[in-house]
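Student: Got a structure for you, questions after.
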Amino acid sequence: MKLDITVKPNSKRPGVEQLSDGSYRVSVNAPPIDGRANEAVIEILAKYFSVSKSSIHILRGGLGRKKVVEIILANDPKKPSKHRLL
C-alpha cells in the first residue's frame, strides 16, 4: 500500500491524521536533522498501522516534507516471498 504523507517535524504532539484527500499528515517530535524525523515517521506509522518498522519504506521525499511511503501489510500479495527457487 502506497501513501502520500506530509511530515510536520518538531511538533508538540506526535500523531497521524488522515486528510480529506486521502493523504496523511504525520506529526513528529524529532527535528529534520540527520534523518531523525524520517525515523520517527516510520515508528509512528508502524504503530498506527500495527506493522513492524521493517515493513515501511520511504520511496520518495527522503529530504522533504512531502513523501511517498510504502507499507507492506501481512496479507499483501505484493509482499516479497522468503522462498527462493534454486
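Student: Could you give the size of the charge dipole of the stretch 2-71 about its Cα centre, using +1 on the Cβ of each K and R and -1 on the Cβ of each D and E, expressed in debye and rounded to the nearest 20?
Tutor: Computed about the Cα centre, the dipole is about 160 debye.
Student: Less than 12 Å apart at the alpha-carbon level, and either on another chain or at least 8 residues along: which aspartates and glutamates does that give for residue 53?
Tutor: Reachable aspartates and glutamates: 39, 43, 70.
Student: Give the label of the value calculated from the structure for mean projected area of the Cα convex hull in nm², choosing from (i) 8.0; (ii) 6.6; (iii) 8.5.
Tutor: Here mean projected area of the Cα convex hull in nm² agrees with entry (ii).
Student: Okay, moving on. In whole percent, what relative contact order does the stretch 2-71 give with Cα contacts below 8 Å and a gap of six or more residues?
Tutor: Relative contact order for the stretch 2-71 comes out at 33 percent.
Student: Per-residue ellipticity at 222 nm for the chain, helices alone: DSSP H runs ≥ 4 residues times -39500 (n - 2.57), over residue total, nearest 500 deg cm²/dmol?
Tutor: So the calculated ellipticity at 222 nm is -5000 deg cm²/dmol.
Student: Please give me the summed charge of the neighbours of residue 30: other residues whose Cβ is under 10 Å from its Cβ, Lys and Arg +1, Asp and Glu -1.
Tutor: Charge balance near residue 30 sits at -2.
Taken together, the values in this text are just the output of simple stated rules run on the coordinates, not laboratory data. Just so you know, these numbers come straight off a predicted model, no measurement behind them. No Cβ is skipped: glycine too gets one built from the backbone with ideal geometry, and neighbour counts run over all protein chains shown.
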